[in-house]
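The structure appears right after this line, and notes come after that.
Nothing in this text is a laboratory measurement; each read-out follows from the coordinates by a stated rule. Not measured: the values here are computed from a predicted model. Ideal geometry is used to build each Cβ from the backbone, glycine not excepted, and the neighbour counts take in all protein chains shown.
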Amino acid sequence: MFRLLGFDVRVQSGFVVFMALIVFLYRDEFGLWLAGAIAVLTLVHELGHALAARRTGAHAEISLGFLAGYASYRPSRPLKRREQAWISFAGPFVHISTAVVVLLAIGVNPLDLDQVRDSPASAAIFWAGPVIGAMNLIPVLPLDGGNIVTYGLDAIVPGRARRIMLYASIGITVASALLLILTGNRGFVLFIGFLLITQMQMLSADKPARPRSSVWDDAAASLDAGKHGKAQRTLLAALSHPQPTPPASEIRITAAQAGALIDLLPNPLPHGDPGNEFVLANLLLSTHRYDEAAHYAAGSYQRHPNTLSALIVARAAGALHDQATAVGWLRSAAEANTSPNALASAIDTAPELGAVRHHPDVTAVRAGIGPDRPRA
């Protein structure tokens, strides 16, 4: 990495490999000039984007990789569509302008193809400059031309422009590939292939992520399908082995399904994963199995002290009219101090704690959380 004009520039190994590949494929003076011209003008291109972004107050960085470079930027304020379009246009504009100036400086008229072909240097600069710069203005994603059209389209169909443009870009790219193959012009196959692969990746990344279902929902679905063994194995694995990710935040099973799933589990109830232990304790509480909920949550608390498990014990004890135990576990919940907002909300609203809500120890716990805290 190095700094240029105040921007961080990262040169990835793929960029160097691409330049070496060009030299290897041509194996002549033109190849050397082409690799050098592409390297310099790619950097100039991305500097154009970065400078335009910086004029809007954004922080920009440049990366040079295999087959492409890109300038990423973080706006300091919401950008208007025309500002975003200008940032996209600035790269090809500076790219083409710089190449034309260089050609004119060495005495070559870029509009005269005979002069352009006169030397390997001028031919390479012409191809790396005006030709590649103009190709970047083709109105397909991920090229700059495609981004410019997308910003304009967004003014007509807000929120849908990118997806529409992606489908249009894929269609145009596939049609162009077929046309090139049918006419025997295969010189741009690598470029077309790069575009198509990138477009498919963009389309895949653009799909809205499906909400991840919990193991409890999966087990309930297996149970509904009559696959009791599969449902049991799913729950045993989830409860017995710590999970790499926390359980899904929303469990959509009914009380009847929860009761049926609990009935599948062996006695004593399995444990091992704190997240799913809490889910099971909560399901025991919600299905009015208060004694089981209290004992299971207390065991979970001993293994992994936390406010939520202590709260389940307190609520179960309250439902069993054991006020002393409920008060004691509310104190433990406060001492664990892992979810103070949840503790405040439970003290204020949990129906099982109605009889102890005004107990001096409980009011002291609630006062210690503070009245101005946001409640979970």
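Sorting the Cα pairs of the range 224-375 by distance into bins of 10 Å, from 0 upward, gives 11, 40, 32, 14, 3, 0 percent per bin. Suppose we keep just the DSSP beta bridges with both residues in the chain; what percent of those would be antiparallel, to 5? Beta bridges within the chain, antiparallel portion: roughly 70 percent. Against the main long axis of the alpha-carbon atoms of the chain, helix 340-349 sits at an angle near 50°.
Once you've got the GNM for the chain with C-alpha springs shorter than 10 Å, pick whichever of 38, 347, 96 has the biggest mean-square fluctuation. Highest fluctuation among the options: 347. Using only C-alpha atoms and all pairs of different ones, pull out the Kirkwood radius for the range 132-194 in Å with one decimal. Result for the range 132-194 stands at 12.3 Å. Scoring 27-35, 329-337 by mean Cβ neighbours within 10 Å over their residues and listing the highest first yields 329-337, 27-35. Just to confirm the number: angle between the C-alpha axis of helix 189-206 and the first principal axis of the chain, 0 to 90 degrees, nearest 10? With both axes taken from Cα atoms, the answer is about 20 degrees. Rounded to a whole number, what is D in µm²/s for the range 1-113 from Stokes-Einstein with the Kirkwood radius over alpha-carbon pairs (4 °C, 1.567 mPa s)? Result for D is 85 µm²/s.
Spherically averaged projected area of the convex hull of Cα atoms, the chain: 28.3 nm². Taking the C-alpha atoms only, the angle from helix 360-369 to the longest principal axis of the chain is near 10 degrees. Entry for the range 44-184 at q = 0.19 Å⁻¹: log10 I(q)/I(0) = -1.15, Debye formula applied to identical alpha-carbon scatterers, no solvent contribution.
Rounded, prolate or oblate: which fits the range 297-356, taking a ≥ b ≥ c as square roots of the Cα gyration tensor eigenvalues, rounded meaning a/c under 1.5, else prolate when a/b beats b/c? Taking the square roots of the gyration eigenvalues as a ≥ b ≥ c, the range 297-356 is oblate. Kirkwood hydrodynamic radius computed over the range 80-163 comes to 14.0 Å, based on all pairs of distinct alpha carbons. When the range 31-120 is described by a simple charge dipole with +1 on each Lys and Arg Cβ and -1 on each Asp and Glu Cβ, the residue from 31, 94, 50 located farthest towards its positive end is 50.
Considering helices alone, the calculated mean residue ellipticity of the chain at 222 nm is -20000 deg cm²/dmol, with DSSP H runs of length four and up weighted by -39500 (n - 2.57) and normalised per residue.
A viscosity of 0.890 mPa s and a temperature of 25 °C, combined with the Kirkwood radius over Cα pairs in Stokes-Einstein, give a translational diffusion coefficient for the range 10-59 of 202 µm²/s.
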